[in-house]
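A short worksheet on the structure shown next.
The values are calculated or read from the model by the stated rules, or taken from the named source; none is laboratory data. Keep in mind the model is a prediction, meaning the values are calculated, not measured. Counting neighbours? That spans all protein chains shown, and the Cβs are built from the backbone with ideal geometry, glycine included. Heads up: the accessible areas ignore ligands, DNA and RNA and are worked out on the full protein's heavy atoms, side chains in. Shrake-Rupley method; radii C 1.70, N 1.55, O 1.52, S 1.80 Å.
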Amino acid sequence: SQKNTATVAFAVAGYGVCSSLMLVCNKVAVTVLPSPTIVLFAQLFTSAAAVWIVGQMGYIKVDKLEWGKATAFAPVACAFLAAIFTNIKTLQYANVETFIVFRASTPIIVSVCDYMFLGRELPGARSWMSLLGLVGGAFLYVYTDHQFHVSGYYWVCVWYMVFCFDQVYIKHAIESVKMESNWGRVFYTNLLACFPLLGTGIYAETTGAVEWTNASIAALCVSCMLGVGMSYFAFLCRKMCSAAAFTVIGNCCKIVTVIINLLIWDQHANPTGLACLSICLGCAYFYKQAPLRKDMKEEPL
C-alpha cells in the first residue's frame, strides 16, 4: 500500500541520514575523547533517558518496564551492546573506510542466515554477483591499505562476527517479542545495554587520564543526540525490511559518510582505497532483497 511504502521510505531515509553521520561522529568522538566505554555509555543512557522522559510527558508511547519483556529483550541488548562496542573499538584503531569496506561484505553471511533462520529465499543471480563484488572490493582494499594496523584489523574481525549475529537475532526478536511501539524497543534495548558497562569499563576509564575539553564534550553531546535518532530509525527499518536488506541499506548510506570524512580531516584512505570502496558500494546498490520462501508461514520462525 501507499501508506506502507511511505513508512518504509521514511524509515530508510531516517536510518540513512543517522547512520551516515553517526559513523563519522563516533570516529571524531573517540579521537578527541579516547574512552570508548564512556562514549558508548553516554549514548545508551541518553537514548533511554530521553525516550522515557518524552514518554512520561505523553508525546510518544513507550512500553512500561515489565519483567517478561525485559528478559526477552536482554539478549537483544547484549547483541546491540557488543556490536556498538566493537564498532567504536574498530574506529579507535582504524580509519572509517576500513570499517565500511568490511561492513560491505556482511550481507553475504546475513543472506545465508536469512535463509536458514528467518524463512527467506537465497539471493538471486544478480544479488549473488553483487555480494561477490563486495567481497572482491574488500580484499582489494586490504591489499592496498598503507595504514595497516594489527589492532584495527583484530577489532574489525571481532566486530564482523558480532555484527552478523546482531543483524539476524535482533530481526528475530522484533518479529517474536510483542511491543506496543517502536519507542519501546529503543527504550528497552538502550536501558538494558547500560548495565553491563556500570562498574567495569566506566570506572576504569573515568579514573584514568581522561581529558575533558570543549571539543570532546561537544563531540560526545552530538553523538548522544544522533544515538537517539539512530536507535529509533534502526529498529523501525529492521521491522520493515529483511535482515539482509537492512544490512545492504546500511552499506549504501555510507556514501555520505565517505564524503563527510574526506571533507573534515586527513584520517581517510588513499585514492586506491577509495576506488575499492566505490566498487563495494556500487555492488551493494544492485542487491535485491530475497522474498519469503513459499514453504514458510507469513511470520518467519
Checking VAL258 against (1) at pLDDT 75 or above; (2) among the aliphatic types (A, V, I, L, M); (3) not in a loop (DSSP other than H, G, I, E, B), the condition it does not meet: (1)
query: Listed residues ALA6, ALA42; which is of a type in the set (A, V, I, L, M) and farther than 16 Å from VAL222 by Cβ?
result: ALA6
task: Look at the range 196-242 and say how many of its residues are modelled with pLDDT under 65 and either touching an Asp or Glu at 6+ places or on another chain (Cβ under 7 Å) or not in a helix (DSSP H, G or I) (or both).
output: 5
task: Could you please find all residues in the range 27-57 being over 22 Å from PHE233 (Cβ atoms), of a type in the set (Gly, Ala, Ser) and open to solvent by 20 Å² or more (accessible area, probe 1.4 Å)?
output: none
task: Just name the residue that is farthest from the chain's Cα centre (by Cα) out of those in the range 118-133 that are part of a helix (DSSP H, G or I) and more than 20 Å from ASP166 (Cα to Cα).
output: ALA125
query: When both residues are 6+ apart or on different chains and their Cβ atoms are under 7 Å apart, which pairs have a first residue that lies in the range 58-85 and is open to solvent by 40 Å² or more (accessible area, probe 1.4 Å), and a second that is hydroxyl-bearing (Ser, Thr, Tyr) and assigned to a helix (DSSP H, G or I)?
result: PRO75/TYR169
task: Please name all residue pairs, on different chains or six or more residues apart, with Cβ atoms under 6 Å, provided the first residue is in the range 91-119 and is closer than 12 Å to ALA290 by Cβ and of a type in the set (Gly, Ala, Ser) and the second residue is at pLDDT below 80 and open to solvent by 10 Å² or more (accessible area, probe 1.4 Å).
output: GLY119/LEU292; GLY119/ARG293; GLY119/MET296; GLY119/PRO300
